[in-house]
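Asker: The structure under discussion is supplied below as structure tokens; questions concerning it will follow.
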Amino acid sequence: MNRRHVLGALGSFASVGTLAYATRDPVETLECRIWLSERAAEYDRVADRALEYVQRLLEFEFWSLEASIGGTVSVSTEDGARVTSGGEWPLAVTMGAVGSSDLDPVADVNLLVTDGQMKRAPTGYGLPHIASVGGARYIDRLPPFDELVGSGPEGDVDRRLVALTTPTRTMQVLLHEVGHALGLHHDHGVAFRYGDAVVATPMLSTYAFDPEYRGDRSRCGTNYPDPNGLERQLSLAFSTCARRELSTYSGGVRVRDQCCDGL
């Protein structure tokens with residue numbers, strides 16, 4: 001099921017009301033809430049790590065961030081992509097928004113972390129204000145943020161440079177799907193040379209290392225370097241191109257009662 005089909009399914013869910021997009025300009029406070037599947041919740045540190053990294057990596061001067069844990073949800077699949085692309089997580093968010101369940105969504109990013117596999121793409125999925133990602137076991141293995149990012153050479157703190165490992169890639173995919181939930185696209189990401197390495201930012205992610213990826217430059221005109229023969233690293237920081245787009249974000253969700261259309 002593609003994004004259009006999922007959004008169509010959301011639009012047809014009208015037993016109590018509909019989930020509508022609202023404009024908030026400017027957005028002074030960005031709300032991000034993280035839920036865990038039942039299997040993901042079995043890991044002791046996954047909630048703390050996901051929340052800590054989101055808090056550190058979505059902090060920008062153009063909004064105040066309110067990140068929180070929503071709790072545990074029961075889902076039929078741990079697949080971090082299919083739970084959203086198949087409509088299950090979007091429907092759960094919609095039902096919570098209209099008061100048909102105990103789930104309490106927020107306006108901007110409603111993220112579900114599952115224990116799905118991280119070897120074969122897609123491993124996550126993002127729609128406006130709704131996202132999901134697998135890999136809870138790998139997020140659980142991440143060290144505290146400052147221990148991972150603050151231990152590199154001078155300059156790495158601002159770039160948020162990390163080695164390419166399954167845990168760091170999982171966190172970058174989480175940020176990638178959050179970016180989609182906020183309206184970013186793959187070409188808002190960049191890849192750049194850093195010494196003997198090519199570094200990919202969250203929205204481009206490991207597409208930067210895929211010879212079949214068709215893009216050769218970012219939306220802002222930055223060329224992607226050829227990664228052949230070079231070390232591959234990740235940045236957990238959104239690119240300048242992505243941050244510029246995020247600074248214009250003015251969206252949100254609200255419940256629109258069917259009874260009151262046009263009033």
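The values are calculated or read from the model by the stated rules, or taken from the named source; none is laboratory data. Keep in mind that what you see is a predicted model, and the values were worked out from it rather than measured. Quick reminder, even Gly has a Cβ in these numbers, built from the backbone with ideal geometry, and neighbours come from all protein chains shown.
Asker: For the range 80-113, which residues satisfy the criterion of being acidic (Asp, Glu) and under 15 Å from the mean Cα position of the chain (by Cα)? So that I can check it myself, show each step before the final result.
Answerer: Filtering the range 80-113 for residues acidic (Asp, Glu) gives 88, 102, 104, 108.
Result: ASP108, single match.
Asker: Further question on the same structure: Working carefully through the options LEU204, LEU175, find the one that is crowded, with 21+ Cβ neighbours inside 10 Å and touching a Gly at 6+ places or on another chain (Cβ under 8 Å).
Answerer: Numbers: LEU175 fails: touching a Gly at 6+ places or on another chain (Cβ under 8 Å).
Just a single option satisfies the conditions, and that option is LEU204.
Asker: Let me ask something else. Determine whether the range 72-79 contains at least one residue that is assigned to a strand (DSSP E or B), over 17 Å from the mean Cα position of the chain (by Cα) and either farther than 26 Å from PRO26 by Cα or of a type outside the set (Val, Ile, Thr) (or both). Steps first, please.
Answerer: So in the range 72-79, the residues assigned to a strand (DSSP E or B) come out as 72-73.
With over 17 Å from the mean Cα position of the chain (by Cα) added as a condition, the list becomes 72-73.
This time we only want the ones that are either farther than 26 Å from PRO26 by Cα or of a type outside the set (Val, Ile, Thr) (or both), so: 72-73.
Yes, because at least one residue in the range 72-79 is assigned to a strand (DSSP E or B), over 17 Å from the mean Cα position of the chain (by Cα) and either farther than 26 Å from PRO26 by Cα or of a type outside the set (Val, Ile, Thr) (or both).
Asker: Looking for something assigned to a loop (DSSP other than H, G, I, E, B), more than 16 Å from VAL54 (Cα to Cα) and either out of contact with any helix residue (DSSP H, G or I) (no Cβ under 9 Å at 6 or more places or on another chain) or modelled with pLDDT under 95 (or both) - is there at least one such residue anywhere in the range 166-185?
Answerer: no
Asker: Within the range 80-101, track down each residue that is hydrophobic (A, V, I, L, M, F, W, C), buried (at least 22 other Cβ atoms within 10 Å of the Cβ) and either assigned to a loop (DSSP other than H, G, I, E, B) or modelled with pLDDT under 95 (or both).
Answerer: The initial filter retains those residues of the range 80-101 that are hydrophobic (A, V, I, L, M, F, W, C), namely 81, 83, 89, 91-93, 95, 97-98.
Checking which are buried (at least 22 other Cβ atoms within 10 Å of the Cβ) leaves us with 81, 83, 89, 92-93, 97.
Selection gives ALA81, ALA97.
Asker: Any chance you could count how many residues in the range 102-121 are part of a loop (DSSP other than H, G, I, E, B) and within 16 Å of VAL75 (Cβ to Cβ)?
Answerer: 7
Asker: Related question: Just a yes or no: is a residue in the range 52-72 free of Cβ contacts under 8 Å to residues at least 40 places away in the same chain, over 29 Å from ASP146 (Cα atoms) and surrounded by 15 or more Cβ atoms within 10 Å (Cβ to Cβ)?
Answerer: The answer is no; no qualifying residue exists.
Asker: While we're on this one: Name the pairs whose Cβ atoms lie under 8 Å apart, with the first residue in the range 215-231 and surrounded by fewer than 17 Cβ atoms within 10 Å (Cβ to Cβ), the second of a type in the set (Asp, Glu), and 6 or more positions between them or separate chains?
Answerer: GLY215/ASP187; ARG217/ASP187; ASN223/ASP216; LEU230/ASP196; GLU231/ASP196
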